[in-house]
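The values are calculated or read from the model by the stated rules, or taken from the named source; none is laboratory data. Predicted, not measured: the structure shown is a model, and the values here were computed from it. Methodologically, a virtual Cβ is constructed for each residue, glycine included, from the backbone with ideal geometry; neighbour enumeration extends over all protein chains shown. Accessible surface is based on the protein model in full, side chains and every heavy atom, while ligands, DNA and RNA are left aside. Shrake-Rupley method; radii C 1.70, N 1.55, O 1.52, S 1.80 Å.
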There are 2 protein chains.
Amino acid sequence: MSDDIPRPLRGRPRTMDPGRVLDVAMTAYWHSDPADVSVNAICQMAGISKPSLYREFGSEDGLSRAALDRYADQVLSEMFVILHGATGLRQTLDALIDFACDDPRMETGCLFYKMRAGRHRLGPDTRARVEEIDAAGQAAYASFLQAARDAGDWPAGLSVEAGAKYLGEQIALAITQRASGEDPARIRDMLTLALSVFTRP
Amino acid sequence: MSDDIPRPLRGRPRTMDPGRVLDVAMTAYWHSDPADVSVNAICQMAGISKPSLYREFGSEDGLSRAALDRYADQVLSEMFVILHGATGLRQTLDALIDFACDDPRMETGCLFYKMRAGRHRLGPDTRARVEEIDAAGQAAYASFLQAARDAGDWPAGLSVEAGAKYLGEQIALAITQRASGEDPARIRDMLTLALSVFTRP
DNA sequence: GACATAAAATACCATATGGTAACAAATGAG
DNA sequence: CTCATTTGTTACCATATGGTATTTTATGTC
(Lines give C-alpha, C1' and ligand atoms only; values in the text may rest on other atoms or scores of the structure.)
Protein backbone atom coordinates (compact mmCIF):
# COMPACT_ATOMS: atom_id res chain seq x y z
CA MET A 1 0.00 0.00 0.00
CA SER A 2 2.87 2.44 0.70
CA ASP A 3 3.65 4.18 -2.56
CA ASP A 4 7.39 4.74 -2.02
CA ILE A 5 7.52 7.59 -4.50
CA PRO A 6 11.15 8.07 -5.67
CA ARG A 7 12.26 11.42 -4.26
CA PRO A 8 13.84 13.47 -7.03
CA LEU A 9 17.52 14.32 -6.83
CA ARG A 10 17.18 17.92 -7.88
CA GLY A 11 14.64 20.66 -7.48
CA ARG A 12 13.09 22.54 -4.63
CA PRO A 13 12.51 20.23 -1.65
CA ARG A 14 8.89 19.61 -0.89
CA THR A 15 7.42 21.09 2.24
CA MET A 16 3.94 19.72 1.66
CA ASP A 17 3.30 16.48 3.50
CA PRO A 18 0.56 14.56 1.67
CA GLY A 19 -0.19 12.51 4.75
CA ARG A 20 -0.72 15.57 6.85
CA VAL A 21 -2.96 17.11 4.19
CA LEU A 22 -4.95 13.90 4.00
CA ASP A 23 -5.37 13.90 7.76
CA VAL A 24 -6.67 17.43 7.61
CA ALA A 25 -9.04 16.59 4.76
CA MET A 26 -10.24 13.36 6.31
CA THR A 27 -10.93 15.01 9.66
CA ALA A 28 -12.70 17.95 8.07
CA TYR A 29 -14.88 15.76 5.85
CA TRP A 30 -15.57 13.50 8.76
CA HIS A 31 -16.37 15.94 11.54
CA SER A 32 -18.36 18.24 9.28
CA ASP A 33 -19.77 16.83 6.04
CA PRO A 34 -18.01 16.11 2.76
CA ALA A 35 -20.39 18.41 0.89
CA ASP A 36 -19.70 21.31 3.23
CA VAL A 37 -15.92 21.30 3.00
CA SER A 38 -14.35 23.05 0.00
CA VAL A 39 -10.88 22.49 -1.33
CA ASN A 40 -10.16 26.11 -0.49
CA ALA A 41 -11.00 25.43 3.13
CA ILE A 42 -8.80 22.36 3.21
CA CYS A 43 -5.87 24.26 1.72
CA GLN A 44 -6.29 26.96 4.34
CA MET A 45 -6.54 24.45 7.20
CA ALA A 46 -3.52 22.54 5.93
CA GLY A 47 -1.54 25.72 5.28
CA ILE A 48 -0.80 24.93 1.66
CA SER A 49 -1.67 26.47 -1.67
CA LYS A 50 -4.28 25.13 -4.03
CA PRO A 51 -1.91 24.17 -6.84
CA SER A 52 0.12 22.12 -4.37
CA LEU A 53 -2.98 20.17 -3.48
CA TYR A 54 -4.01 19.74 -7.08
CA ARG A 55 -0.57 18.53 -8.08
CA GLU A 56 -0.74 15.82 -5.45
CA PHE A 57 -4.35 14.71 -5.76
CA GLY A 58 -5.35 15.81 -9.23
CA SER A 59 -8.86 16.91 -8.41
CA GLU A 60 -11.35 17.27 -5.62
CA ASP A 61 -12.50 13.77 -6.47
CA GLY A 62 -8.95 12.50 -6.09
CA LEU A 63 -8.60 14.18 -2.73
CA SER A 64 -11.87 12.92 -1.31
CA ARG A 65 -11.18 9.46 -2.61
CA ALA A 66 -7.74 9.46 -0.96
CA ALA A 67 -9.29 10.74 2.26
CA LEU A 68 -11.82 7.92 2.14
CA ASP A 69 -9.05 5.38 1.54
CA ARG A 70 -7.24 6.65 4.60
CA TYR A 71 -10.43 6.50 6.61
CA ALA A 72 -11.01 2.93 5.56
CA ASP A 73 -7.49 2.00 6.64
CA GLN A 74 -7.43 3.87 9.91
CA VAL A 75 -10.99 3.64 11.18
CA LEU A 76 -13.26 1.33 9.25
CA SER A 77 -10.83 -1.53 9.60
CA GLU A 78 -11.76 -1.77 13.26
CA MET A 79 -15.28 -2.70 12.38
CA PHE A 80 -14.05 -5.46 10.13
CA VAL A 81 -11.87 -6.70 12.96
CA ILE A 82 -14.90 -7.03 15.20
CA LEU A 83 -16.69 -9.04 12.53
CA HIS A 84 -13.82 -11.32 11.64
CA GLY A 85 -12.98 -12.05 15.24
CA ALA A 86 -16.58 -13.00 15.94
CA THR A 87 -16.99 -15.47 18.80
CA GLY A 88 -20.76 -15.76 19.05
CA LEU A 89 -23.86 -14.06 17.77
CA ARG A 90 -24.88 -12.27 20.95
CA GLN A 91 -21.40 -11.21 21.92
CA THR A 92 -20.54 -9.87 18.52
CA LEU A 93 -23.81 -8.00 18.21
CA ASP A 94 -23.07 -6.47 21.59
CA ALA A 95 -19.62 -5.48 20.44
CA LEU A 96 -21.11 -3.83 17.38
CA ILE A 97 -23.63 -2.00 19.54
CA ASP A 98 -20.85 -0.81 21.80
CA PHE A 99 -18.80 0.36 18.87
CA ALA A 100 -21.69 2.20 17.23
CA CYS A 101 -22.99 3.77 20.43
CA ASP A 102 -19.94 4.38 22.61
CA ASP A 103 -16.79 4.60 20.55
CA PRO A 104 -15.72 8.23 20.88
CA ARG A 105 -14.48 8.28 17.29
CA MET A 106 -18.03 7.84 16.07
CA GLU A 107 -19.24 10.79 18.11
CA THR A 108 -19.42 12.96 15.01
CA GLY A 109 -20.61 10.17 12.79
CA CYS A 110 -18.87 8.04 10.22
CA LEU A 111 -17.23 9.52 7.14
CA PHE A 112 -18.18 6.52 5.05
CA TYR A 113 -21.84 6.77 5.96
CA LYS A 114 -21.82 10.50 5.34
CA MET A 115 -20.35 9.98 1.91
CA ARG A 116 -22.78 7.17 1.17
CA ALA A 117 -25.72 9.35 2.18
CA GLY A 118 -24.58 12.09 -0.19
CA ARG A 119 -23.05 9.88 -2.85
CA HIS A 120 -24.73 11.70 -5.71
CA ARG A 121 -22.63 14.72 -4.83
CA LEU A 122 -19.35 12.82 -4.99
CA GLY A 123 -16.96 12.53 -7.90
CA PRO A 124 -16.88 9.24 -9.82
CA ASP A 125 -13.77 7.81 -8.16
CA THR A 126 -14.92 8.54 -4.66
CA ARG A 127 -18.36 7.21 -5.38
CA ALA A 128 -16.91 4.02 -6.82
CA ARG A 129 -14.85 3.57 -3.67
CA VAL A 130 -17.91 4.13 -1.52
CA GLU A 131 -19.74 1.39 -3.35
CA GLU A 132 -16.75 -0.89 -3.01
CA ILE A 133 -16.62 -0.38 0.74
CA ASP A 134 -20.35 -0.82 0.97
CA ALA A 135 -20.14 -4.17 -0.78
CA ALA A 136 -17.22 -5.25 1.40
CA GLY A 137 -19.12 -4.31 4.53
CA GLN A 138 -22.18 -6.21 3.45
CA ALA A 139 -20.07 -9.24 2.65
CA ALA A 140 -18.46 -9.08 6.08
CA TYR A 141 -21.82 -8.84 7.79
CA ALA A 142 -23.11 -11.73 5.69
CA SER A 143 -20.20 -14.02 6.47
CA PHE A 144 -20.48 -13.22 10.16
CA LEU A 145 -24.19 -14.01 10.15
CA GLN A 146 -23.66 -17.12 8.08
CA ALA A 147 -21.27 -18.41 10.71
CA ALA A 148 -23.81 -17.67 13.42
CA ARG A 149 -26.44 -19.48 11.43
CA ASP A 150 -24.22 -22.48 10.98
CA ALA A 151 -23.70 -22.46 14.73
CA GLY A 152 -27.41 -22.82 15.27
CA ASP A 153 -28.68 -19.46 16.54
CA TRP A 154 -30.90 -18.09 13.86
CA PRO A 155 -34.48 -16.88 13.55
CA ALA A 156 -36.69 -18.81 11.17
CA GLY A 157 -37.62 -17.35 7.82
CA LEU A 158 -34.79 -14.87 7.48
CA SER A 159 -32.15 -15.06 4.79
CA VAL A 160 -28.55 -14.26 5.62
CA GLU A 161 -28.49 -11.67 2.83
CA ALA A 162 -31.49 -9.82 4.20
CA GLY A 163 -30.13 -10.05 7.72
CA ALA A 164 -26.79 -8.62 6.65
CA LYS A 165 -28.40 -5.71 4.89
CA TYR A 166 -30.63 -5.09 7.89
CA LEU A 167 -27.78 -5.25 10.35
CA GLY A 168 -25.69 -2.85 8.30
CA GLU A 169 -28.47 -0.34 7.94
CA GLN A 170 -29.31 -0.40 11.62
CA ILE A 171 -25.73 0.31 12.57
CA ALA A 172 -25.51 3.06 9.98
CA LEU A 173 -28.67 4.56 11.40
CA ALA A 174 -27.34 4.52 14.94
CA ILE A 175 -24.05 6.15 14.02
CA THR A 176 -25.76 8.73 11.85
CA GLN A 177 -28.04 9.60 14.73
CA ARG A 178 -25.04 10.10 16.99
CA ALA A 179 -23.72 12.62 14.50
CA SER A 180 -26.94 14.55 14.65
CA GLY A 181 -26.82 14.86 18.40
CA GLU A 182 -29.46 12.38 19.50
CA ASP A 183 -29.48 11.21 23.07
CA PRO A 184 -26.89 8.39 23.23
CA ALA A 185 -28.91 6.30 25.66
CA ARG A 186 -31.92 6.49 23.34
CA ILE A 187 -29.80 5.47 20.39
CA ARG A 188 -28.51 2.48 22.26
CA ASP A 189 -32.01 1.44 23.24
CA MET A 190 -33.18 1.70 19.65
CA LEU A 191 -30.27 -0.21 18.21
CA THR A 192 -30.62 -2.89 20.86
CA LEU A 193 -34.28 -3.18 20.04
CA ALA A 194 -33.58 -3.37 16.32
CA LEU A 195 -30.97 -6.10 16.73
CA SER A 196 -33.09 -8.08 19.16
CA VAL A 197 -34.73 -9.67 16.13
CA PHE A 198 -31.59 -11.78 15.73
CA THR A 199 -31.62 -13.19 19.24
CA ARG A 200 -35.28 -13.75 19.93
CA PRO A 201 -37.37 -16.78 19.06
CA MET B 1 -54.47 28.54 6.52
CA SER B 2 -55.53 30.26 3.24
CA ASP B 3 -54.00 33.72 3.35
CA ASP B 4 -56.70 35.58 1.40
CA ILE B 5 -54.36 38.36 0.41
CA PRO B 6 -56.42 41.45 -0.51
CA ARG B 7 -55.87 42.01 -4.24
CA PRO B 8 -54.91 45.62 -4.82
CA LEU B 9 -57.26 47.86 -6.74
CA ARG B 10 -54.59 49.49 -8.84
CA GLY B 11 -51.32 48.43 -10.40
CA ARG B 12 -50.16 45.92 -12.94
CA PRO B 13 -52.10 42.67 -12.64
CA ARG B 14 -49.99 39.80 -11.48
CA THR B 15 -49.21 36.95 -13.78
CA MET B 16 -47.15 34.98 -11.28
CA ASP B 17 -49.15 32.33 -9.49
CA PRO B 18 -47.54 31.68 -6.10
CA GLY B 19 -49.24 28.34 -5.83
CA ARG B 20 -47.86 27.19 -9.13
CA VAL B 21 -44.39 28.37 -8.18
CA LEU B 22 -44.68 26.54 -4.89
CA ASP B 23 -45.69 23.38 -6.70
CA VAL B 24 -42.65 23.67 -8.91
CA ALA B 25 -40.37 24.30 -5.94
CA MET B 26 -41.88 21.55 -3.82
CA THR B 27 -41.61 19.00 -6.60
CA ALA B 28 -38.05 19.98 -7.43
CA TYR B 29 -36.92 19.88 -3.81
CA TRP B 30 -38.73 16.63 -3.32
CA HIS B 31 -37.70 14.66 -6.39
CA SER B 32 -34.12 15.85 -6.29
CA ASP B 33 -32.74 17.20 -3.00
CA PRO B 34 -33.30 20.56 -1.35
CA ALA B 35 -29.57 21.24 -1.31
CA ASP B 36 -29.24 20.58 -5.03
CA VAL B 37 -31.95 22.94 -6.25
CA SER B 38 -31.05 26.61 -6.60
CA VAL B 39 -33.47 29.51 -6.68
CA ASN B 40 -32.23 30.21 -10.19
CA ALA B 41 -33.29 26.75 -11.27
CA ILE B 42 -36.70 27.14 -9.69
CA CYS B 43 -37.24 30.48 -11.42
CA GLN B 44 -36.32 28.91 -14.72
CA MET B 45 -38.60 25.91 -14.20
CA ALA B 46 -41.47 28.13 -13.11
CA GLY B 47 -40.87 30.61 -15.92
CA ILE B 48 -40.59 33.63 -13.68
CA SER B 49 -37.86 36.11 -12.85
CA LYS B 50 -35.88 36.07 -9.66
CA PRO B 51 -37.17 39.36 -8.25
CA SER B 52 -40.73 38.08 -8.68
CA LEU B 53 -39.88 35.10 -6.55
CA TYR B 54 -38.08 37.18 -3.96
CA ARG B 55 -40.96 39.65 -3.72
CA GLU B 56 -43.32 36.79 -2.92
CA PHE B 57 -41.18 34.67 -0.63
CA GLY B 58 -38.58 37.07 0.70
CA SER B 59 -35.65 34.69 0.64
CA GLU B 60 -34.61 31.19 -0.21
CA ASP B 61 -35.45 30.27 3.35
CA GLY B 62 -38.94 31.69 2.88
CA LEU B 63 -39.43 29.72 -0.30
CA SER B 64 -38.24 26.42 1.09
CA ARG B 65 -40.27 26.92 4.22
CA ALA B 66 -43.39 27.61 2.13
CA ALA B 67 -42.67 24.56 0.01
CA LEU B 68 -42.37 22.44 3.14
CA ASP B 69 -45.65 23.85 4.44
CA ARG B 70 -47.35 22.85 1.22
CA TYR B 71 -45.78 19.41 1.41
CA ALA B 72 -47.04 18.95 4.95
CA ASP B 73 -50.54 19.91 3.86
CA GLN B 74 -50.68 17.89 0.68
CA VAL B 75 -48.62 14.81 1.45
CA LEU B 76 -47.60 14.39 5.05
CA SER B 77 -51.17 14.78 6.23
CA GLU B 78 -51.89 11.33 4.83
CA MET B 79 -49.52 9.74 7.27
CA PHE B 80 -51.23 11.48 10.15
CA VAL B 81 -54.55 10.19 8.86
CA ILE B 82 -53.26 6.64 9.02
CA LEU B 83 -52.16 7.15 12.61
CA HIS B 84 -55.30 8.90 13.83
CA GLY B 85 -57.60 6.40 12.23
CA ALA B 86 -55.75 3.54 13.86
CA THR B 87 -57.85 0.44 14.41
CA GLY B 88 -55.34 -2.00 15.85
CA LEU B 89 -51.62 -2.35 16.30
CA ARG B 90 -50.95 -4.94 13.61
CA GLN B 91 -53.25 -3.40 11.02
CA THR B 92 -51.92 0.09 11.47
CA LEU B 93 -48.32 -1.07 11.33
CA ASP B 94 -49.19 -2.88 8.11
CA ALA B 95 -50.77 0.26 6.73
CA LEU B 96 -47.62 2.21 7.58
CA ILE B 97 -45.48 -0.43 5.91
CA ASP B 98 -47.65 -0.28 2.81
CA PHE B 99 -47.44 3.48 2.72
CA ALA B 100 -43.68 3.58 3.17
CA CYS B 101 -42.95 0.75 0.75
CA ASP B 102 -45.63 0.97 -1.94
CA ASP B 103 -47.11 4.44 -2.15
CA PRO B 104 -45.92 5.74 -5.51
CA ARG B 105 -45.55 9.25 -4.13
CA MET B 106 -42.74 8.06 -1.90
CA GLU B 107 -40.87 6.56 -4.82
CA THR B 108 -38.39 9.43 -4.82
CA GLY B 109 -38.34 9.73 -1.07
CA CYS B 110 -39.93 12.17 1.31
CA LEU B 111 -39.21 15.89 1.19
CA PHE B 112 -39.49 16.18 4.94
CA TYR B 113 -36.97 13.43 5.57
CA LYS B 114 -34.63 14.91 2.99
CA MET B 115 -34.81 18.28 4.68
CA ARG B 116 -34.36 16.72 8.09
CA ALA B 117 -31.30 14.81 6.93
CA GLY B 118 -29.72 18.03 5.64
CA ARG B 119 -31.17 20.39 8.20
CA HIS B 120 -27.88 22.12 8.90
CA ARG B 121 -28.01 23.44 5.34
CA LEU B 122 -31.48 24.94 5.74
CA GLY B 123 -32.35 28.50 6.64
CA PRO B 124 -33.63 29.16 10.17
CA ASP B 125 -37.33 29.30 9.31
CA THR B 126 -37.32 26.11 7.30
CA ARG B 127 -35.29 24.35 9.93
CA ALA B 128 -37.69 25.46 12.64
CA ARG B 129 -40.57 24.08 10.63
CA VAL B 130 -38.75 20.80 10.15
CA GLU B 131 -38.33 20.46 13.88
CA GLU B 132 -41.97 21.32 14.41
CA ILE B 133 -43.10 18.62 12.01
CA ASP B 134 -40.66 16.18 13.56
CA ALA B 135 -42.13 16.78 16.99
CA ALA B 136 -45.67 16.48 15.66
CA GLY B 137 -44.83 13.21 13.98
CA GLN B 138 -43.28 11.81 17.08
CA ALA B 139 -46.31 12.83 19.12
CA ALA B 140 -48.62 11.14 16.62
CA TYR B 141 -46.60 7.94 16.73
CA ALA B 142 -46.58 8.07 20.52
CA SER B 143 -50.31 8.53 20.87
CA PHE B 144 -50.93 5.71 18.44
CA LEU B 145 -48.65 3.39 20.35
CA GLN B 146 -50.09 4.50 23.66
CA ALA B 147 -53.54 3.49 22.43
CA ALA B 148 -52.19 0.11 21.34
CA ARG B 149 -50.57 -0.32 24.72
CA ASP B 150 -53.80 0.53 26.51
CA ALA B 151 -55.48 -2.08 24.34
CA GLY B 152 -53.14 -4.72 25.64
CA ASP B 153 -50.72 -5.56 22.84
CA TRP B 154 -47.35 -4.38 23.95
CA PRO B 155 -43.90 -5.89 24.43
CA ALA B 156 -42.54 -5.82 27.94
CA GLY B 157 -39.83 -3.39 28.90
CA LEU B 158 -40.38 -0.85 26.16
CA SER B 159 -41.49 2.70 26.78
CA VAL B 160 -43.97 4.33 24.46
CA GLU B 161 -41.55 7.20 23.90
CA ALA B 162 -38.75 4.91 22.79
CA GLY B 163 -41.14 2.90 20.65
CA ALA B 164 -42.41 6.02 18.92
CA LYS B 165 -38.92 7.22 18.14
CA TYR B 166 -37.96 3.78 16.89
CA LEU B 167 -41.03 3.47 14.71
CA GLY B 168 -40.49 6.89 13.20
CA GLU B 169 -36.86 6.22 12.41
CA GLN B 170 -37.56 2.86 10.82
CA ILE B 171 -40.15 4.37 8.51
CA ALA B 172 -37.82 7.23 7.66
CA LEU B 173 -35.12 4.71 6.86
CA ALA B 174 -37.37 2.71 4.57
CA ILE B 175 -38.54 5.75 2.62
CA THR B 176 -35.04 7.12 2.37
CA GLN B 177 -33.88 3.79 0.99
CA ARG B 178 -36.58 3.89 -1.63
CA ALA B 179 -35.25 7.26 -2.76
CA SER B 180 -31.81 5.79 -3.19
CA GLY B 181 -33.04 3.01 -5.43
CA GLU B 182 -32.89 0.02 -3.15
CA ASP B 183 -34.82 -3.08 -4.11
CA PRO B 184 -38.40 -2.45 -2.92
CA ALA B 185 -38.96 -6.04 -1.86
CA ARG B 186 -35.82 -5.92 0.27
CA ILE B 187 -36.93 -2.67 1.85
CA ARG B 188 -40.27 -4.16 2.74
CA ASP B 189 -38.62 -7.20 4.28
CA MET B 190 -36.33 -5.03 6.35
CA LEU B 191 -39.09 -2.73 7.56
CA THR B 192 -41.30 -5.70 8.38
CA LEU B 193 -38.47 -7.25 10.33
CA ALA B 194 -37.78 -4.01 12.17
CA LEU B 195 -41.41 -3.53 13.14
CA SER B 196 -41.85 -7.15 14.18
CA VAL B 197 -40.49 -6.17 17.57
CA PHE B 198 -43.87 -4.62 18.31
CA THR B 199 -45.89 -7.71 17.57
CA ARG B 200 -43.78 -10.51 18.95
CA PRO B 201 -43.69 -11.87 22.51
C1' DG C 1 28.22 31.38 -11.44
C1' DA C 2 24.87 29.38 -14.95
C1' DC C 3 21.41 26.09 -15.67
C1' DA C 4 17.98 22.49 -15.39
C1' DT C 5 14.53 20.84 -12.28
C1' DA C 6 10.87 20.47 -9.11
C1' DA C 7 7.89 22.50 -5.96
C1' DA C 8 5.89 26.65 -4.05
C1' DA C 9 2.69 30.65 -4.17
C1' DT C 10 0.25 34.54 -6.51
C1' DA C 11 -3.06 35.77 -9.26
C1' DC C 12 -6.22 34.59 -12.16
C1' DC C 13 -10.29 32.06 -14.87
C1' DA C 14 -15.17 30.63 -15.78
C1' DT C 15 -19.10 29.49 -13.48
C1' DA C 16 -22.64 29.48 -10.07
C1' DT C 17 -24.86 31.18 -6.00
C1' DG C 18 -28.21 34.17 -3.19
C1' DG C 19 -29.78 38.66 -3.55
C1' DT C 20 -30.96 43.55 -5.38
C1' DA C 21 -31.05 48.26 -7.77
C1' DA C 22 -32.98 50.26 -11.62
C1' DC C 23 -36.10 50.39 -15.00
C1' DA C 24 -40.27 48.93 -18.04
C1' DA C 25 -45.14 47.76 -18.43
C1' DA C 26 -49.78 47.43 -17.10
C1' DT C 27 -53.57 48.78 -14.57
C1' DG C 28 -57.14 52.04 -11.81
C1' DA C 29 -57.95 56.80 -9.94
C1' DG C 30 -58.19 61.81 -10.63
C1' DC D 1 -54.50 62.25 -20.41
C1' DT D 2 -51.73 62.03 -16.21
C1' DC D 3 -50.12 59.97 -12.38
C1' DA D 4 -49.58 56.90 -8.56
C1' DT D 5 -49.34 52.07 -7.82
C1' DT D 6 -48.13 47.48 -8.44
C1' DT D 7 -45.97 43.92 -10.91
C1' DG D 8 -42.39 42.13 -13.95
C1' DT D 9 -37.78 41.91 -16.11
C1' DT D 10 -33.01 43.16 -17.17
C1' DA D 11 -28.83 43.73 -15.59
C1' DC D 12 -26.09 43.75 -12.05
C1' DC D 13 -23.55 42.83 -7.26
C1' DA D 14 -20.51 40.36 -3.93
C1' DT D 15 -19.09 36.01 -2.85
C1' DA D 16 -17.68 31.32 -3.36
C1' DT D 17 -16.53 27.33 -6.03
C1' DG D 18 -13.32 24.01 -8.63
C1' DG D 19 -9.42 24.52 -11.36
C1' DT D 20 -5.10 26.57 -13.74
C1' DA D 21 -1.44 29.66 -16.17
C1' DT D 22 2.34 31.98 -14.54
C1' DT D 23 5.90 33.18 -11.88
C1' DT D 24 8.95 32.74 -7.90
C1' DT D 25 11.94 30.02 -4.94
C1' DA D 26 14.89 26.49 -3.60
C1' DT D 27 17.69 22.81 -4.68
C1' DG D 28 21.47 19.71 -7.25
C1' DT D 29 24.52 19.58 -11.36
C1' DC D 30 27.92 21.31 -14.40
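Determine which member of the set A:83, A:53 is of a type in the set (A, V, I, L, M, F, W, C), part of a helix (DSSP H, G or I), over 19 Å from residue A:16 (Cα atoms) and open to solvent by less than 40 Å² (accessible area, probe 1.4 Å).
Working: A:53 fails: over 19 Å from residue A:16 (Cα atoms).
Step by step, each of A:83, A:53 is checked, and only A:83 is of a type in the set (A, V, I, L, M, F, W, C), part of a helix (DSSP H, G or I), over 19 Å from residue A:16 (Cα atoms) and open to solvent by less than 40 Å² (accessible area, probe 1.4 Å).
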**Message:** If residue B:90 satisfies all but one of (1) buried (at least 17 other Cβ atoms within 10 Å of the Cβ); (2) in a helix (DSSP H, G or I); (3) in contact (Cβ under 8 Å) with a residue 40 or more places away in the chain, what's the number of the condition it fails?
**Reply:** (1)
**Prompt:** Can you tell me which residue in region A:31-50 is nearest to DNA strand D (Cβ to nearest atom), limited to those that are open to solvent by 60 Å² or more (accessible area, probe 1.4 Å) and within 28 Å of residue A:106 (Cα to Cα)?
**Reply:** A:40
**Request:** Output the qualifying pairs, or none if there are none: Cβ atoms under 8 angstrom, residues six or more apart or on different chains, first residue in region A:11-24 and more than 14 Å from chain B (Cβ to nearest Cβ), second residue assigned to a loop (DSSP other than H, G, I, E, B) and near DNA strand C (Cβ under 6 Å from one of its atoms).
**Result:** A:16/A:48; A:21/A:48
**Request:** Could you tell me which residue of region A:101-134 is most open to solvent (accessible area, probe 1.4 Å), considering only residues that are away from chain B (no Cβ under 14 Å) and small (Gly, Ala, Ser)?
**Result:** A:128
**Prompt:** Counting just the residues of region A:188-201 that are touching a helix residue (DSSP H, G or I) at 6+ places or on another chain (Cβ under 6 Å) and more than 16 Å from residue A:95 (Cβ to Cβ), which one comes out surrounded by the most Cβ atoms within 10 Å (Cβ to Cβ)?
**Reply:** A:190
**Message:** Within region A:93-102, does at least one residue satisfy the condition of being modelled with pLDDT of 95 or more and not in a helix (DSSP H, G or I)?
**Reply:** no
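Please work out if residue A:75 is more than 16 Å from DNA strand D (Cβ to nearest atom) and touching a Lys or Arg at 6+ places or on another chain (Cβ under 7 Å).
Values: more than 16 Å from DNA strand D (Cβ to nearest atom): yes; touching a Lys or Arg at 6+ places or on another chain (Cβ under 7 Å): yes.
Yes.
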